[in-house]
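Working notes for the structure below.
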Amino acid sequence: MITNWKLGLSFSLLTVLMWGLLPLALKVILDVMDPITISWYRFSLSALIALLWYGRQRGTALKNLLVSKSGPLTAVAVVGLLSNYLLYIWGLDHINPGAAQILIQLAPLLLLIGSVVLFKEAFSVVQWLGVATLVGGMLLFFHQRLTSIVLTSDTYLAGIGLIVAAAVTWTFYGLAQKKLLVEHDTKDILFLICLCGTVLLWPFSEVQTIRKLDATELGVLVFCGLNTIIAYGSFGLAMSYWQSSRVSAVLPIAPLLTLLITFALNDLQLADIPAEPMDWLSSLGALLVVGGAAVAALPKKSKAD
């Protein structure tokens, strides 16, 4: 690996930016388009870009993913990420972007725990401390709803359940991909998932509704479609230039970015995006979630380090 911390940090921050902006963009487009159709456009645009970029030479690799002994794991990865996309956007339709971003931090946490159970990976005391910090941070972030200071509707609770389910399905995708990466390239896995999403969601999508979008809404939809390729591509490049532990420590900043941009857009009256009620305890909770996620993601140091 060619180490270049400047490039590694730059691509990590680009990934954070994409993931931080995504729920805000999805929230905007949800006002004019249904979740399944949005997801179809996301998958189809990503699949088209991947096909033009490198997909035409990857026919054999895709076939190996489908028909070899990797087939069952590939199915788990496909169903897992497709379910994650749909459950996340359905949940986002019921709660605000900041809360969704905080809750989805359960996904990498569950992936770490799953890796410990299934792959017998080492998990240090410091990492467990990070897990406890993350959970405590979530309780503080939502403390106003937990103590009924802020009215919590059944719709909001349904949204929380959907986001948690999205985190669980992403964990299945992550665990399956972790095993697949032993023999397959991550670009091929993502390309195949985008192709499957395009085909499987087509019958349930109302593609023609794109004609009703104005220029701004169309631009937001295109951004949502490009987001997958840009975010995952930047993430891969960051990992190729920088240590994975450093990259993993930067990525949890995304929820804070979502919260800050939400408040900024509302204060400047550039958008009217629902925001989670925040006091100093909620703000402390958000910081603890980010810090806990970063610490939990750090690998146990070896003697060679």
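Taking the stated definitions as given, is Leu251 at pLDDT 85 or above and either touching a helix residue (DSSP H, G or I) at 6+ places or on another chain (Cβ under 9 Å) or of a type in the set (Ser, Thr, Tyr) (or both)? Before the answer, list the steps.
Details: at pLDDT 85 or above: no; either touching a helix residue (DSSP H, G or I) at 6+ places or on another chain (Cβ under 9 Å) or of a type in the set (Ser, Thr, Tyr) (or both): yes.
For Leu251, the condition - at pLDDT 85 or above and either touching a helix residue (DSSP H, G or I) at 6+ places or on another chain (Cβ under 9 Å) or of a type in the set (Ser, Thr, Tyr) (or both) - is not met.
Out of curiosity, is Val32 hydrophobic (A, V, I, L, M, F, W, C) and within 19 Å of Ile104 (Cα to Cα)? First the steps, then the outcome.
Details: hydrophobic (A, V, I, L, M, F, W, C): yes; within 19 Å of Ile104 (Cα to Cα): no.
No.
Out of all the residues in region 248-295, which are among the aromatic types (Phe, Trp, Tyr) and closer than 17 Å to Leu134 by Cβ?
Across region 248-295, there are no qualifying residues.
Do you know which residues across region 74-99 are under 18 Å from Ser39 (Cβ atoms), touching a Phe, Trp or Tyr at 6+ places or on another chain (Cβ under 7 Å) and aliphatic (A, V, I, L, M)? Quick ask: steps written out before the conclusion?
So in region 74-99, the residues under 18 Å from Ser39 (Cβ atoms) come out as 77-95, 97.
Right, trim to touching a Phe, Trp or Tyr at 6+ places or on another chain (Cβ under 7 Å) and you get 77, 80-81, 84, 94-95.
Result: Ala77, Leu81, Ile95.
Can Gly20 be described as in contact with a Lys or Arg (Cβ under 7 Å, 6 or more places away or on another chain), in contact (Cβ under 8 Å) with a residue 60 or more places away in the chain and farther than 10 Å from Cys224 by Cα? Lay out the reasoning, then the answer.
Values: in contact with a Lys or Arg (Cβ under 7 Å, 6 or more places away or on another chain): no; in contact (Cβ under 8 Å) with a residue 60 or more places away in the chain: yes; farther than 10 Å from Cys224 by Cα: yes.
Here the answer is no, as Gly20 does not meet what is asked.
Is it the case that Ile160 is in contact (Cβ under 8 Å) with a residue 24 or more places away in the chain, within 16 Å of the chain's Cα centre (by Cα), crowded, with 20+ Cβ neighbours inside 10 Å and closer than 22 Å to Thr262 by Cβ?
So Ile160 fails the test.
Is it the case, given these coordinates, that Leu129 is touching a residue at least 60 places away in the same chain (Cβ under 8 Å) and more than 28 Å from Leu21 (Cα to Cα)?
Values: touching a residue at least 60 places away in the same chain (Cβ under 8 Å): yes; more than 28 Å from Leu21 (Cα to Cα): yes.
Criteria met by Leu129.
Residues that are of a type in the set (Ser, Thr, Tyr), in contact with a Phe, Trp or Tyr (Cβ under 9 Å, 6 or more places away or on another chain) and in contact (Cβ under 8 Å) with a residue 60 or more places away in the chain: does region 174-193 have at least one?
Here is the first cut: in region 174-193, the residues of a type in the set (Ser, Thr, Tyr) are 186.
With the extra rule that they be in contact with a Phe, Trp or Tyr (Cβ under 9 Å, 6 or more places away or on another chain), the set shrinks to 186.
In the following step, the residues that additionally are in contact (Cβ under 8 Å) with a residue 60 or more places away in the chain were identified as none.
No; the residues of region 174-193 include none that is of a type in the set (Ser, Thr, Tyr), in contact with a Phe, Trp or Tyr (Cβ under 9 Å, 6 or more places away or on another chain) and in contact (Cβ under 8 Å) with a residue 60 or more places away in the chain.
Which of the residues belonging to region 30-52 are without any contact (Cβ under 8 Å) to a residue 40 or more places away in the chain and either buried (at least 20 other Cβ atoms within 10 Å of the Cβ) or more than 16 Å from Thr198 (Cβ to Cβ) (or both)? Please lay out each step first, then the result.
At the first step, the residues of region 30-52 found to be without any contact (Cβ under 8 Å) to a residue 40 or more places away in the chain are 31, 48, 52.
If the condition is that a residue be without any contact (Cβ under 8 Å) to a residue 40 or more places away in the chain and either buried (at least 20 other Cβ atoms within 10 Å of the Cβ) or more than 16 Å from Thr198 (Cβ to Cβ) (or both), then Asp31 is the only one that fits.
Is it fair to say Leu118 is crowded, with 17+ Cβ neighbours inside 10 Å and farther than 23 Å from Ile89 by Cα? So that I can check it myself, show each step before the final result.
Working: crowded, with 17+ Cβ neighbours inside 10 Å: no; farther than 23 Å from Ile89 by Cα: yes.
In short, no.
Using the structure shown, decide if Lys27 is modelled with pLDDT under 90 and either of a type outside the set (A, V, I, L, M) or surrounded by 20 or more Cβ atoms within 10 Å (Cβ to Cβ) (or both). I'd like the intermediate steps shown before the answer.
Values: modelled with pLDDT under 90: no; either of a type outside the set (A, V, I, L, M) or surrounded by 20 or more Cβ atoms within 10 Å (Cβ to Cβ) (or both): yes.
No, not satisfied.
Do the conditions hold for Ser83, that is, is it among the polar types (S, T, N, Q), touching a residue at least 40 places away in the same chain (Cβ under 8 Å), in contact with a helix residue (DSSP H, G or I) (Cβ under 8 Å, 6 or more places away or on another chain) and closer than 24 Å to Leu21 by Cβ? Break it down stepwise before answering.
Details: among the polar types (S, T, N, Q): yes; touching a residue at least 40 places away in the same chain (Cβ under 8 Å): yes; in contact with a helix residue (DSSP H, G or I) (Cβ under 8 Å, 6 or more places away or on another chain): yes; closer than 24 Å to Leu21 by Cβ: yes.
Spelling it out, Ser83 is indeed among the polar types (S, T, N, Q), touching a residue at least 40 places away in the same chain (Cβ under 8 Å), in contact with a helix residue (DSSP H, G or I) (Cβ under 8 Å, 6 or more places away or on another chain) and closer than 24 Å to Leu21 by Cβ.
Kindly indicate whether Val67 is of a type in the set (Val, Ile, Thr) and in contact with a helix residue (DSSP H, G or I) (Cβ under 7 Å, 6 or more places away or on another chain).
Values: of a type in the set (Val, Ile, Thr): yes; in contact with a helix residue (DSSP H, G or I) (Cβ under 7 Å, 6 or more places away or on another chain): no.
So Val67 does not fit the description; no.
Given the residues Thr147, Thr133, Thr152, Thr171, which is the only one that is at pLDDT 90 or above, β-branched (Val, Ile, Thr) and over 22 Å from Asn84 (Cα atoms)?
Numbers: Thr147 fails: at pLDDT 90 or above; Thr152 fails: at pLDDT 90 or above; Thr171 fails: over 22 Å from Asn84 (Cα atoms).
Just a single option satisfies the conditions, and that option is Thr133.
Could we say that Gln144 is in contact with a Pro (Cβ under 9 Å, 6 or more places away or on another chain), over 14 Å from Leu298 (Cα atoms), of a type in the set (S, T, N, Q) and crowded, with 16+ Cβ neighbours inside 10 Å here?
Numbers: in contact with a Pro (Cβ under 9 Å, 6 or more places away or on another chain): yes; over 14 Å from Leu298 (Cα atoms): yes; of a type in the set (S, T, N, Q): yes; crowded, with 16+ Cβ neighbours inside 10 Å: yes.
Taking the combined requirement at face value, the residue satisfies it.
Take the conditions of a type outside the set (Ser, Thr, Tyr), out of contact with any strand residue (DSSP E or B) (no Cβ under 6 Å at 6 or more places or on another chain), at pLDDT 95 or above and surrounded by 18 or more Cβ atoms within 10 Å (Cβ to Cβ) and apply them to Ile102. Does it pass?
Details: of a type outside the set (Ser, Thr, Tyr): yes; out of contact with any strand residue (DSSP E or B) (no Cβ under 6 Å at 6 or more places or on another chain): yes; at pLDDT 95 or above: no; surrounded by 18 or more Cβ atoms within 10 Å (Cβ to Cβ): yes.
No: the conditions fail for Ile102.
Of these, Leu175, Leu139, Leu134, which one is within 30 Å of Leu65 (Cβ to Cβ) and of a type in the set (A, V, I, L, M, F, W, C)?
On the way: Leu139 fails: within 30 Å of Leu65 (Cβ to Cβ); Leu134 fails: within 30 Å of Leu65 (Cβ to Cβ).
Just a single option satisfies the conditions, and that option is Leu175.
The values are calculated or read from the model by the stated rules, or taken from the named source; none is laboratory data. Bear in mind the structure is a predicted one, so any value in this text is a computation, not a measurement. A quick note on method: Cβ atoms are made from the backbone with ideal geometry, for glycine too, and the neighbour counts reach across all protein chains shown.
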